Each structure stands twice: as C-alpha cells, then as structure tokens.
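The values are calculated or read from the model by the stated rules, or taken from the named source; none is laboratory data. Note that the coordinates shown come from a computational prediction; the quantities given were computed from them, not determined experimentally. Cβ: placed from backbone, ideal geometry, glycine included. Neighbour counts: every protein chain shown.
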Amino acid sequence: MSDNIRQTQHTRHTRHTQLQANSDDASISWWSWRPGIRPRSALLAGISLILLAFLFLFVGCYALLAGIIDSNSPPVRVAGVVTGYTTSILDSQPHLTIRLQQNGVSTTISPAITPAMRQVIHTGDRVTLDYSPHLHYLYALEARGQRYDLPGGSPLGSLFSSLAVILLGLALLPYPLILTWWGWHDLQQPGVLMPGKVVGLRTTQQTRTALQRRVIHPGLTPRIGRAWYGVALEPLDVRTTQEVITFSLKEEQFKRLHKGQSVQIMYSPHLHHVLSIKQIETAEAADNG
C-alpha cells in the first residue's frame with residue numbers, strides 16, 4: 001500500500017515539474033539541427049543513413065537507365081491463357097487472371113485492365129503479353145489480333161518512379177553527411193566548457209499508456225514513449241554572441257535544475273551532447289566568464 005502511495009506522489013510530482021518546466025518563455029526555439037546524441041552513436045547512425053541513401057541512388061539510377069533502354073528495345077513476348085476476372089479492392093479496377101507457362105513452370109498473374117478490354121477478352125482466350133526486357137515490366141497484351149496498352153503500362157512509366165527514388169536518395173544524403181562529420185570531429189575534440197544561466201526548461205509529456213507500461217514493465221518501455229528533457233542556457237561569457245543555447249538532457253540531470261540557476265556545462269562542440277552539467281555559484285560563474 002505504501003509503495004502505491006509513493007508511486008502516486010512521485011507521478012504527481014513529475015507532472016507538476018513538467019507543467020512548471022513547460023510554462024517557460026515560449027519565445028525560446030527548442031528545435032535544433034544538433035541532435036544532442038553521443039558522437040559515436042551519431043557516427044554509426046550517419047554512416048547507416050548514408051549507405052541507405054546511396055542504395056536509393058543506385059537503385060534509382062539503375063532503374064532509370066534500364067527504363068530508357070527498355071523504351072527503345074523490342075518487348076519480351078510471353079504467351080498465356082485467360083482463366084477469369086477479379087476486382088481489386090485497392091484500385092477498384094477489373095483485373096484479368098492469366099496463366100503463363102514458361103520453361104515447364106506454370107504461374108498466374110492478374111494485371112489491371114480497362115472496362116473496354118473486359119468486354120472483348122473472355123475466359124479461355126489466348127493472349128500474348130509484352131514485357132520490358134530489363135525491368136520485366138508488363139505494359140501491354142495482345143488478344144484476338146488486337147494489341148491493348150494496360151492501364152499505367154508503359155516502358156516510360158518506370159522512369160517517373162526511378163526519378164522519385166533518386167530524389168529521395170538525394171534528399172536523404174545531406175544531413176547524414178553532416179551528422180557523420182559532426183560525430184567524427186566530436187570524437188577527436190575535447191568538450192566545450194561554458195558557464196550559463198538556466199532560462200528555460202522543457203520536457204515532453206508521456207501518454208497514459210506509456211506511463212502505465214513503464215510501471216508494469218520497467219525497462220521495457222519503447223524509446224518512442226519516453227519523455228524528452230531539455231534546458232535553455234544563456235551564456236555568462238561576455239565573449240559569447242549567441243544569446244540562448246538549448247541542450248538535450250538526461251532525466252537525472254534535468255531534475256537537478258531550476259530556472260535562474262547558474263550552471264557550468266561541458267558539451268561536444270558540434271553535436272551538443274551534454275557530457276556534464278553542474279551548479280556553480282554566481283561569483284564563480286562571473287570568474288569563468
């Protein structure tokens with residue numbers, strides 16, 4: 001019973017601290033390009049995202065080149081037999097069910113067709129399918145001596161998706177490069193020591209589900225459900241031109257701070273990962289400044 005009372009008091013105190021912290025000056029911008037994570041973690045995350053971006057670029061460039069070649073090459077023609085019709089719940093279009101026989105292996109495909117094709121192609125008809133030679137993209141079929149283009153079917157149709165993948169890779173690449181550069185240099189450089197005054201405190205609110213899960217399964221709460229803690233410092237060094245700098249903190253560091261407190265913080269110069277933060281007296285802060 002006493003454990004439940006202490007837990008309730010702790011929850012109320014935490015909520016009161018969060019409300020008090022979040023009531024600080026709204027003019028402070030808490031968003032930053034500098035994530036405040038460890039340099040080694042930033043280096044590993046940056047390299048992983050760079051590899052992912054290069055994968056997108058490689059796949060997009062290959063598909064773009066193959067699509068250009070396919071648009072100027074004769075199709076690969078494959079014979080099949082119509083076995084029926086279906087309607088897809090995804091696009092609400094009629095789909096033609098075709099059984100293919102290649103190299104002794106039977107496969108079934110269901111390409112989308114137009115309502116007009118539905119009227120002229122019947123079950124049991126023999127059809128010939130046109131595939132692009134490199135991307136193996138189905139874009140047309142021939143039935144009863146008539147050739148039909150499939151909806152969205154064109155050797156050039158893959159060019160737009162290839163360009164989209166390339167643009168995605170290009171958009172994903174810049175920040176991981178910066179993140180990797182920051183992580184590498186922060187591993188080589190000592191931390192920056194700065195005296196400052198706490199002018200703002202901020203924390204995100206956890207959902208009720210996340211709080212309950214943390215009580216029932218301590219240590220198993222997903223990171224996405226954890227609270228974020230931040231502090232805004234006004235540098236006391238007169239040589240510092242920047243007015244307010246924000247940092248991401250651990251929960252135990254956050255709980256020791258209050259607005260108006262003078263502290264001395266050591267952080268990595270690029271990522272702004274907080275190595276240590278401690279309270280200092282006003283006279284000591286003036287001497288450091």
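Listed residues 116, 79; which is aliphatic (A, V, I, L, M), over 30 Å from residue 53 (Cβ atoms) and either in contact with a helix residue (DSSP H, G or I) (Cβ under 7 Å, 6 or more places away or on another chain) or at pLDDT 85 or above (or both)?
79
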Note on residue 119: of the conditions (1) surrounded by fewer than 15 Cβ atoms within 10 Å (Cβ to Cβ); (2) touching a strand residue (DSSP E or B) at 6+ places or on another chain (Cβ under 7 Å), unmet is (2)
Is the stretch 55-72 home to any residue that is touching a strand residue (DSSP E or B) at 6+ places or on another chain (Cβ under 7 Å), outside the structural domain of residue 253 (by TED's automatic domain parsing) and over 15 Å from residue 137 (Cβ atoms)? no
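To keep it simple, each residue is scored yes or no on (1) touching a Cys at 6+ places or on another chain (Cβ under 9 Å); (2) outside any strand (DSSP E or B); (3) in the same structural domain as residue 273 (by TED's automatic domain parsing); (4) modelled with pLDDT under 90.
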site: 175; (1), (2), (3), (4): no, yes, no, no
site: 180; (1), (2), (3), (4): no, yes, no, no
site: 183; (1), (2), (3), (4): no, yes, no, no
site: 195; (1), (2), (3), (4): no, no, yes, no
site: 198; (1), (2), (3), (4): no, no, yes, no
site: 212; (1), (2), (3), (4): no, yes, yes, yes
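Tell me, yes or no, whether the stretch 94-108 has at least one residue that is over 21 Å from residue 163 (Cβ atoms) and in contact (Cβ under 8 Å) with a residue 60 or more places away in the chain. Lay out the reasoning, then the answer.
Applying the first criterion (over 21 Å from residue 163 (Cβ atoms)) to the stretch 94-108 yields 94-108.
Within this subset, residues satisfying the condition of being in contact (Cβ under 8 Å) with a residue 60 or more places away in the chain are none.
No, there is no match, as no residue in the stretch 94-108 is over 21 Å from residue 163 (Cβ atoms) and in contact (Cβ under 8 Å) with a residue 60 or more places away in the chain.
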Answer yes or no: is there a residue in the stretch 157-166 that is surrounded by fewer than 14 Cβ atoms within 10 Å (Cβ to Cβ), under 32 Å from the mean Cα position of the chain (by Cα) and aliphatic (A, V, I, L, M). yes
Exception for residue 39 within (1) crowded, with 18+ Cβ neighbours inside 10 Å; (2) touching a strand residue (DSSP E or B) at 6+ places or on another chain (Cβ under 6 Å) falls at (2)
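Yes/no matrix, rows are residues, columns are (1) within 15 Å of residue 198 (Cβ to Cβ); (2) modelled with pLDDT under 90:
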residue: 218; (1), (2): no, yes
residue: 224; (1), (2): no, yes
residue: 237; (1), (2): no, yes
residue: 262; (1), (2): yes, no
residue: 266; (1), (2): no, no
residue: 275; (1), (2): no, no
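From the list 77, 34, pick out the single residue that is in contact (Cβ under 8 Å) with a residue 40 or more places away in the chain and loosely packed, with under 13 Cβ neighbours inside 10 Å.
Matching residue, one of 77, 34: 77.
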